[in-house]
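Read through the structure below, which is laid out as structure tokens, and then see the notes.
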Amino acid sequence: MNTATSHDLFTRAQALMPGGVNSPVRAFKSVGGEPFFAKRAEGAYLIDVDGNRYVDYIGSWGPMIAGHAHPKVLAAVAEVMSDGLSFGVPNALEVTMAETLRRLVPSMEMSRMVNSGTEATLSAIRLARGATGRSRIVKFEGCYHGHGDSFLVKAGSGALTFGLPNSPGVPKALADLTLTLPYNDFEAATKLFEDVGSEIAGLIVEPIVGNANCILPRDGYLQHLRALCTKHGALLIFDEVMTGFRVALGGAQARYGITPDLSTFGKIIGGGMPVGAYGGRAELMRQIAPSGPIYQAGTLSGNPVAMAAGLATLELIQAPGFHDALEANTHKLCDGLERAAREAGVAVTTTRSCAMFGLYFTDQKVETYAQAIASDSAAFGRFFHAMLRRGVYFAPSAFEAGFLSSAHGDAEIGHTIEAAREAFREIRG
Ligand code: PMP
């Protein structure tokens with residue numbers, strides 16, 4: 001595989017940008033080797049600057065659920081773009097977006113658009129603190145909610161990948177206000193709320209943990225968290241930046257039948273443009289400026305081009321049977337990967353929820369963060385490269401979920417399983 005142009009670019013980039021990248025996991029540091037540089041993307045494929053094609057199971061880390069460069073999304077962007085890129089005054093698409101969010105996710109009675117998932121989550125906890133007058137927040141080990149100071153405590157995703165779950169630069173006084181819990185542990189949550197429930201402004205959770213690979217909630221766990229928050233007057237915040245519109249049209253809250261007080265979104269609602277959103281109960285959202293005293297703002301928030309890309313994507317995913325087809329394909333892929341591993345004598349388990357999946361090198365069923373990090377990440381790294389050489393791109397970290405899009409069909413899934421059959425044999429040695 002010729003990667004000469006990528007190599008040259010990465011050499012230049014490393015002198016200019018930390019690690020040669022603008023976001024840590026892209027650097028391939030935990031799996032070794034060098035990243036490829038994208039030239040373009042179409043459907044289920046990424047094409048690099050040297051002309052190599054990869055079946056892509058990352059989809060720009062989530063947004064591309066309808067496949068890369070979808071003609072309808074590109075057309076919507078082109079149409080809006082010709083009227084100007086940003087106005088700094090309200091535009092009609094922002095209203096349509098808020099209406100669409102409320103229709104698809106009924107708990108989003110009111111919403112505010114921002115420019116990233118990070119902005120959405122840090123705004124949501126400011127609101128939780130402002131609305132309750134309390135300071136402490138609760139998060140879960142291995143959950144990642146963007147790089148806001150309060151969240152870089154036992155964080156997942158790149159922070160976990162690089163062994164930096166607690167980042168230098170976060171003042172201790174602030175980090176001390178973030179309490180952490182083991183995900184899927186009922187008693188630990190009950191005990192924490194019994195001890196300090198009256199000081200907790202909000203509990204934020206990835207309802208399905210996609211930043212420690214992919215951990216599903218145990219039966220009743222999210223209901224348990226809902227009940228604890230209600231009992232102790234804390235706000236329940238679902239971080240659906242990853243799960244939103246992916247695990248069901250109405251997100252994880254629809255899939256599990258839970259109504260959070262606040263939710264955060266990103267990725268899919270921007271269709272590939274930089275977008276995030278937070279929202280929830282109207283009475284809470286009215287406390288945000290200018291209707292209330294809690295401040296949050298953004299020069300480019302509600303940007304018309306970004307709204308157009310997001311709305312076109314949300315339109316596509318409302319097609320009848322869209323998520324059912326994705327779910328069926330995810331099962332096909334994961335069953336095939338498990339079968340291929342078994343045949344090669346390699347211990348692998350998968351987890352799935354609609355268009356999102358986890359792949360762990362372990363023979364155990366993974367339900368906790370401790371089990372996730374105990375899986376064999378070195379074996380994952382070898383598998384990652386063996387697949388990359390065969391034109392299949394999984395996330396370059398053992399702690400990131402994989403994503404399917406509607407452009408992943410039998411051809412791509414068949415190729416992936418065939419490649420995996422060889423890759424498992426190769427890494428077994
Ligand atoms: N929350 C979750 C659950 C995420 O997965 C991410 C990013 N992967 C974020 C928040 C942060 O979003 P962004 O990278 O857009 O700031």
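Numbers at a glance
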{"quantity": "Condition met for residue 245 (surrounded by 24 or more Cβ atoms within 10 Å (Cβ to Cβ) and more than 10 Å from the ligand (Cβ to nearest atom))", "calculated": "yes"}
{"quantity": "Candidates 158, 220, 130, 142, filtered to the one that is within 12 Å of the ligand (Cβ to nearest atom), outside the structural domain of residue 372 (by TED's automatic domain parsing), of a type outside the set (Phe, Trp, Tyr) and more than 17 Å from residue 240 (Cα to Cα)", "calculated": "158"}
{"quantity": "Residue match in segment 225-234 (condition: within 15 Å of the ligand (Cβ to nearest atom) and assigned by TED's automatic domain parsing to the domain that holds residue 268)", "calculated": "no"}
{"quantity": "Some residue of segment 118-125 being within 22 Å of the chain's Cα centre (by Cα), within 14 Å of the ligand (Cβ to nearest atom), surrounded by fewer than 24 Cβ atoms within 10 Å (Cβ to Cβ) and within 30 Å of residue 381 (Cα to Cα)", "calculated": "yes"}
{"quantity": "Every pair of residues 6+ apart whose Cβ atoms lie under 9 Å, when the first sits in segment 92-111 and is surrounded by 15 or more Cβ atoms within 10 Å (Cβ to Cβ) while the second is among the acidic types (Asp, Glu) and assigned to a loop (DSSP other than H, G, I, E, B)", "calculated": "102/109; 105/240; 107/261"}
{"quantity": "All positions within segment 294-315 that are farther than 19 Å from residue 124 by Cβ and in contact with a strand residue (DSSP E or B) (Cβ under 9 Å, 6 or more places away or on another chain)", "calculated": "303, 305, 306, 307, 308, 309, 311, 312, 313, 314"}
{"quantity": "Scan of segment 66-90 for residues that are touching a strand residue (DSSP E or B) at 6+ places or on another chain (Cβ under 7 Å) and on the phi > 0 side of the Ramachandran plot, ordered by number", "calculated": "67, 69"}
{"quantity": "So residue 418, is it of a type in the set (Asp, Glu), crowded, with 19+ Cβ neighbours inside 10 Å and more than 22 Å from residue 21 (Cα to Cα)", "calculated": "no"}
{"quantity": "Those residues of segment 33-47 which are within 21 Å of the chain's Cα centre (by Cα) and at positive phi, in sequence order", "calculated": "43"}
{"quantity": "Filter result for the condition that a residue is outside any helix (DSSP H, G or I), away from the ligand (no atom under 16 Å from the Cβ) and not β-branched (Val, Ile, Thr), over 188, 201, 212", "calculated": "201"}
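So that you can scan it fast, the table gives a plain yes or no per residue for (1) under 25 Å from residue 398 (Cβ atoms); (2) charged (D, E, K, R):
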position: 153; (1), (2): yes, no
position: 168; (1), (2): yes, no
position: 178; (1), (2): yes, no
position: 183; (1), (2): yes, no
position: 186; (1), (2): no, no
position: 191; (1), (2): no, yes
position: 202; (1), (2): no, no
position: 206; (1), (2): yes, yes
position: 209; (1), (2): yes, no
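The values are calculated or read from the model by the stated rules, or taken from the named source; none is laboratory data. It should be emphasised that the depicted structure is a prediction, and the values quoted were computed from it without experimental measurement. Cβ: placed from backbone, ideal geometry, glycine included. Neighbour counts: every protein chain shown.
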